[in-house]
Amino acid sequence: MFIIVVGCGRVGSELAYGLYKKGHEVAIIDHVGGSFSHLPPDYRGRTIEGEVLSEDVLRRTGIEQAGGLAAVTNSDAVNAVVGHVARTVYNVHNVVVRNYDPRWRELHEAFGLQVVSSTAWGAGRIEELLSHPFGRSVLSAGNGEVEVYEIPVPDTWSGRALEDLLPSGGDCLAVSITRAGKAMLPRPGLRFDAGDVVHVSATLAGMDELRGRAAGGGR
């Protein structure tokens with residue numbers, strides 16, 4: 001796939017390089033030529049120096065053939081405008097924009113863009129790790145509304161049934177159980193053994209309830 005990355009700071013350079021290493025055709029744009037020094041020496045994608053809001057620069061980059069575009073500058077206004085233009089003018093269907101300042105997130109959402117808010121996500125995860133050491137997040141969806149957590153089964157859960165310990169209401173669902181190094185899908189009636197590791201998909205509210213159950217030994 002041909003993918004355009006707008007902004008060659010630390011995020012953009014890492015993204016462009018990762019896409020290139022996975023076999024995608026990549027072009028990265030930045031208005032400061034020196035920014036391309038962030039790219040690793042073995043990056044062989046295209047680099048375009050120019051104003052990212054310029055129609056000439058976008059066309060020269062090949063935006064009309066792009067299968068995806070990521071706008072990841074440190075300007076929320078630029079990211080919003082570039083993302084909106086790419087989607088509505090050039091019909092790039094897969095557009096993702098970086099939200100730098102959470103106060104600007106509503107602007108991106110107003111354009112109907114896919115948004116990654118690294119600041120809000122990072123602050124939320126650090127707060128969670130400091131406040132709740134039980135349950136390590138291993139995968140985050142969206143901006144952290146739903147996450148997959150890895151939980152070593154407490155000794156107090158040994159012999160307990162899976163469905164007796166998970167909160168009801170759909171805010172916390174078991175994804176897999178790992179026992180003696182072998183993963184299996186959860187099944188009705190499964191009981192925990194000492195040393196099991198369970199992965200759950202949960203909202204923050206669901207995980208808070210599960211932590212409370214762990215602290216109290218279940219129901």
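Annotations for the structure displayed:
- Based on protein heavy atoms only, segment 157-210 ends up with 50 Å² per residue of surface accessible to a 1.4 Å probe.
- Karplus-derived 3J(HN,Hα), 6.51/-1.76/1.60, for each residue of segment 49-66, Hz, glycine and proline x: 8, x, 5, 5, 8, 7, 4, 5, 5, 4, 5, 5, 6, x, 4, 5, 9, 6
- Of 1, 207, the residue with the largest accessible area leads and the full order is 1, 207 (1.4 Å probe).
- With contacts taken as Cα pairs under 8 Å and at least 6 residues apart, segment 1-59 reaches a relative contact order of 33 percent.
- Segment 154-202-segment 1-49 distance, computed between alpha-carbon centres (Å): 42 Å
- Beta bridges per DSSP with both ends in segment 23-156, % antiparallel, nearest 5: 30 percent
- Accessible surface comparison of 24, 108, 38, probe 1.4 Å, protein chains only, largest first: the order is 38, 24, 108.
- Degrees, to the nearest 10: 118-131 long Cα axis against longest axis of the chain: 20 degrees
- Taken one residue at a time, the phi angles of segment 35-42 give Karplus couplings (6.51, -1.76, 1.60, θ = phi - 60°) of 5, 5, 5, 5, 6, x, x, 8 Hz. Gly and Pro are set to x.
- Mean Cβ count within 10 Å, highest first, over the residues of peptides 165-178, 76-89: 76-89, 165-178
- What the phi angles of segment 2-13 give under the Karplus curve with 6.51, -1.76 and 1.60, with θ = phi - 60°, is a coupling list of 8, 10, 9, 10, 9, x, 10, x, 5, 5, x, 5 Hz, glycine and proline written as x.
- Calculated log₁₀ intensity ratio I(q)/I(0) where the Debye formula runs over C-alpha points of the chain, q = 0.09, 0.17 Å⁻¹: -0.50, -1.04
- Whole-number percent relative contact order across the chain, with pairs defined as alpha carbons under 8 Å at least 6 apart: 13 percent
The values are calculated or read from the model by the stated rules, or taken from the named source; none is laboratory data. Note that the coordinates shown come from a computational prediction; the quantities given were computed from them, not determined experimentally. Counting neighbours? That spans all protein chains shown, and the Cβs are built from the backbone with ideal geometry, glycine included. Surface areas here come from the heavy atoms of the whole protein model, side chains and all, with no ligands, DNA or RNA. Shrake-Rupley method; radii C 1.70, N 1.55, O 1.52, S 1.80 Å.
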